[in-house]
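The values are calculated or read from the model by the stated rules, or taken from the named source; none is laboratory data. Being a predicted model, the structure only gives us computed values, none of them experimental. Note that each Cβ is placed from the backbone with ideal geometry, even for glycine, and that neighbours are counted across all protein chains shown.
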């Protein structure tokens, strides 16, 4: 930039413009990419821009995005896969820390205009600016989710986020990967202002031209970020310990230590940073990230966009599927035999949404999209029709024939069956090739995976529409071939069966569960059976293993006593306020975890070999996102390979 304000830059990724007020607008528009990320090349060019600003200080600088997709998605994750020496890991952290520290110390006012996602290194850049202006629209989300990749926010986030919002909120965000929207960012003090898109440029310019100092955090926040930080750190460690073990997930413990002992300066603990960045956990979690991106990409490329969904079956699963689709913006009709069966689903939806949606008008709009439809009129207009009644082949035959006669010829006809073969379900249909499986998992609002099931001869176009629909409602589609249990239930069956055999041998349910919690599972297999329901487990076991197979003794005894699991208040455990009451954990026998997980590992490998799922990576992704299988392992087949390495 010369003395007349003309901009001279050869940057490939950054664009500079100077307005009539003398403000410099710095736009990141990463070359040949749909999303902005902070690659080495992008960071090097930013350093060159700051060099120019040192020579010719601007009136003020506003950072913004040239992408419709958002501000900055974070660092370039691909570069993490290339950190094969300690020096490379430390160099990566050093470059970002020093560059953003330099940005934070410039004498002229700077502002980050955040519209859309602003994550990881993107938020660290925004925190290094004097001001942060958040654009009030649903896509705007801010957070430091590095812990989800097994790493830490090493470019200044551990220093500056606690300074902005206080250490308690900052640690909660960093240790969980939670994001906040524009309005909450303003309430927390993360954003200086929150404005609608139509005035964002004007508001950004006014804030920079004001040259006012940033608001100081309240006194209590400053004390907790100073003299009382040891107390905050101690509390945070206890909270993390309840969710994750240090040997499996070292990153959250490192975040606490670096903040508490080094004021958030990652460079003060180089050995710790190296051990985190190049750890097996980080390597596997980065692998899981790319597998998740692969699942997301499966729904791209088509033109199918559903507007109306019709769900038949207002039980827990069907009602929750309908509620989720309505929350994602679709108009949903929910059918069952009378309003008395539909009403509980509406009540559940209202109770669940009421906890998350604070705006009364928005809550009413969502509820208006969930329409009770006892006579099934909505099936005729629906783009997607999902059968979600009880697992009875004859009943499903009658329903599917009735639906086929009503629905549009181009509508997706799907079943949510968890154990019946698509081939068996479609046999009475005039166009059997149009029926596919769209199999959700319970609880629908929390489980990200949805299996999209194709049988031999299924219409590929219908299958692809099913995949696109799953992505449209913000779920991860996993294409699988029709087979008993598909992928997820097929691997869970032998795992849960082995756990119940251990109980039959005299181990307590709590001991069996503790073995797998120590392995890294989010929930033990016995508690998982309680959540699924003992009646469902019994029926699925017969379907998967054959009607003549003998169920575990403990399962039969509890089922015959009426203990059907968490939904009944008692299964293998008694439930109080929805939580299991577990007795004392006995001594966990050596090798128990390996014994319990072995059937799951072997079944996963077998299903890949049989072509039920296309390859090992998709199988690993499906089991992680469909069962919660310890993500730090990289998935069952990746874990199996590591054991034989």
Looking at (1) modelled with pLDDT of 95 or more; (2) buried (at least 23 other Cβ atoms within 10 Å of the Cβ), which one does residue 75 not meet, given that it meets all the others?
(1)
Candidate set from the range 325-350 (those that are surrounded by fewer than 17 Cβ atoms within 10 Å (Cβ to Cβ) and not in a helix (DSSP H, G or I)); member that is nearest to the chain's Cα centre (by Cα):
328
Picking from 183, 215, 187, which residue would you name as being in contact with a strand residue (DSSP E or B) (Cβ under 6 Å, 6 or more places away or on another chain), surrounded by fewer than 23 Cβ atoms within 10 Å (Cβ to Cβ) and more than 30 Å from residue 519 (Cα to Cα)?
183
Selection within the range 111-126 - over 23 Å from the mean Cα position of the chain (by Cα) and over 12 Å from residue 192 (Cβ atoms)
125
Tell me yes or no: at least one residue of the range 266-284 is touching a strand residue (DSSP E or B) at 6+ places or on another chain (Cβ under 9 Å) and either part of a loop (DSSP other than H, G, I, E, B) or farther than 23 Å from residue 71 by Cα (or both).
no
Taking first residues from the range 599-611 that are within 13 Å of residue 488 (Cα to Cα) and not assigned by TED's automatic domain parsing to the domain that holds residue 478 and second residues anywhere that are surrounded by fewer than 13 Cβ atoms within 10 Å (Cβ to Cβ) and modelled with pLDDT under 95, the pairs with Cβ under 9 Å that are 6 or more apart or on different chains are 601/643
Being over 25 Å from the mean Cα position of the chain (by Cα), surrounded by fewer than 19 Cβ atoms within 10 Å (Cβ to Cβ) and not in a loop (DSSP other than H, G, I, E, B), is that true of even one residue in the range 407-420?
no
Which condition from (1) in contact (Cβ under 8 Å) with a residue 12 or more places away in the chain; (2) under 27 Å from residue 581 (Cβ atoms) is the one that residue 517 breaks?
(1)
Out of the residues in the range 390-406 meeting the condition of being in contact (Cβ under 8 Å) with a residue 40 or more places away in the chain and assigned to a loop (DSSP other than H, G, I, E, B), tell me which one is surrounded by the fewest Cβ atoms within 10 Å (Cβ to Cβ).
390
I need a count of the residues in the range 422-431 that are in a loop (DSSP other than H, G, I, E, B) and in contact with a strand residue (DSSP E or B) (Cβ under 9 Å, 6 or more places away or on another chain).
2
Filter result (part of a helix (DSSP H, G or I) and in contact with a strand residue (DSSP E or B) (Cβ under 9 Å, 6 or more places away or on another chain)) within the range 68-98:
92, 96
Which condition breaks for residue 353 when tested against (1) outside any strand (DSSP E or B); (2) buried (at least 18 other Cβ atoms within 10 Å of the Cβ); (3) touching a strand residue (DSSP E or B) at 6+ places or on another chain (Cβ under 9 Å)?
(3)
Among 345, 323, 349, 306, which is the only one that is touching a residue at least 40 places away in the same chain (Cβ under 8 Å) and within 24 Å of residue 536 (Cα to Cα)?
323
Restricting attention to the range 356-381, the residues that are in a helix (DSSP H, G or I) and farther than 20 Å from residue 307 by Cα number exactly 3
Note: among 236, 322, 251, 314, just one is buried (at least 18 other Cβ atoms within 10 Å of the Cβ), assigned to a helix (DSSP H, G or I) and not assigned by TED's automatic domain parsing to the domain that holds residue 99, namely 322
For the range 17-34: of the residues being in contact with a strand residue (DSSP E or B) (Cβ under 7 Å, 6 or more places away or on another chain) and without any contact (Cβ under 8 Å) to a residue 60 or more places away in the chain, which is surrounded by the fewest Cβ atoms within 10 Å (Cβ to Cβ)?
17
